[in-house]
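Just below is one structure, and these are the notes that go with it.
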Amino acid sequence: MIDRRLERAGEVSWTFGCGLSVVVALACAIAGSYFDVTLVARAQVHCGLDLSSGEKLSEGMWLLTRFAVIPVVAVLSAVLALPLHLLARLPPVARRVWPVPVLSLLAVGITIAGPVAMVMYDVATEGTPGDCVLPWWPSWLPS
């Protein structure tokens with residue numbers, strides 16, 4: 001006998017929610033690595049950082065590690081967002097229409113927050129050596 005059961009709406013929304021987190025984490029890993037390297041390099045050029053050959057090698061190695069660290073942060077942020085998808089599957093929440101999109105938006109926000117915070121931290125620590133403050137740097141962020 002062939003089991004021809006149809007997918008229930010809850011299973012489809014669960015798959016969409018987890019798939020959305022995976023796509024957002026992948027996009028954040030790629031874009032975050034690019035923006036991290038670009039913003040730190042531009043901030044260092046603005047601050048007039050003149051590196052010797054040893055410092056250039058050290059800076060190059062640091063930039064290569066960013067291509068490994070930012071994707072890890074993006075994946076960890078996506079894992080931290082999974083409980084929101086589980087919460088959306090609970091019967092009291094799943095019966096209503098409005099909490100599921102709200103929880104999905106919160107999950108996407110959490111997934112994006114990790115790489116964005118990492119890029120801002122790197123620009124603040126590596127991109128602004130000494131007392132150099134970037135012209136577009138908000139006063140409430142550390143320099």
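The values are calculated or read from the model by the stated rules, or taken from the named source; none is laboratory data. Since the structure is predicted, the reported quantities are computational estimates derived from the model, not experimental observations. All Cβ positions, even for glycine, are placed from backbone atoms using ideal geometry, and neighbour counts span all protein chains on display. We work out accessible area using only protein heavy atoms, side chains counted, and drop any ligands, DNA or RNA first. Shrake-Rupley method; radii C 1.70, N 1.55, O 1.52, S 1.80 Å.
Here are the criteria: (1) out of contact with any helix residue (DSSP H, G or I) (no Cβ under 9 Å at 6 or more places or on another chain); (2) touching a residue at least 40 places away in the same chain (Cβ under 8 Å); (3) among the polar types (S, T, N, Q). Tell me which single one Gln44 does not satisfy.
Result: Gln44 fails condition (1) only.
Does Gly130 qualify as being closer than 25 Å to Ile30 by Cα and surrounded by fewer than 15 Cβ atoms within 10 Å (Cβ to Cβ)?
no
For Ala107, are the conditions met, namely being assigned to a helix (DSSP H, G or I) and under 19 Å from Val23 (Cα atoms)?
yes
So, Val75, is that one open to solvent by 60 Å² or more (accessible area, probe 1.4 Å) and assigned to a helix (DSSP H, G or I) or not?
The answer is yes for Val75.
Can we say Thr111 is touching a helix residue (DSSP H, G or I) at 6+ places or on another chain (Cβ under 7 Å) and of a type in the set (S, T, N, Q)?
Yes; evaluated as a whole, the condition is true for this residue.
Which residue, of Ser21, Ser33, is modelled with pLDDT of 90 or more, of a type in the set (Ser, Thr, Tyr) and either surrounded by 13 or more Cβ atoms within 10 Å (Cβ to Cβ) or under 30 Å from Cys132 (Cβ atoms) (or both)?
The conditions single out Ser33.
Testing Leu103 on (1) closer than 19 Å to Leu86 by Cβ; (2) within 20 Å of the chain's Cα centre (by Cα); (3) of a type outside the set (Val, Ile, Thr); (4) open to solvent by 70 Å² or more (accessible area, probe 1.4 Å), one condition comes back false. Which one is that?
The number of the failed condition is (4).
Any chance you could count how many residues in segment 78-100 are in contact (Cβ under 8 Å) with a residue 60 or more places away in the chain and open to solvent by 80 Å² or more (accessible area, probe 1.4 Å)?
Residues that pass the stated criteria total 1.
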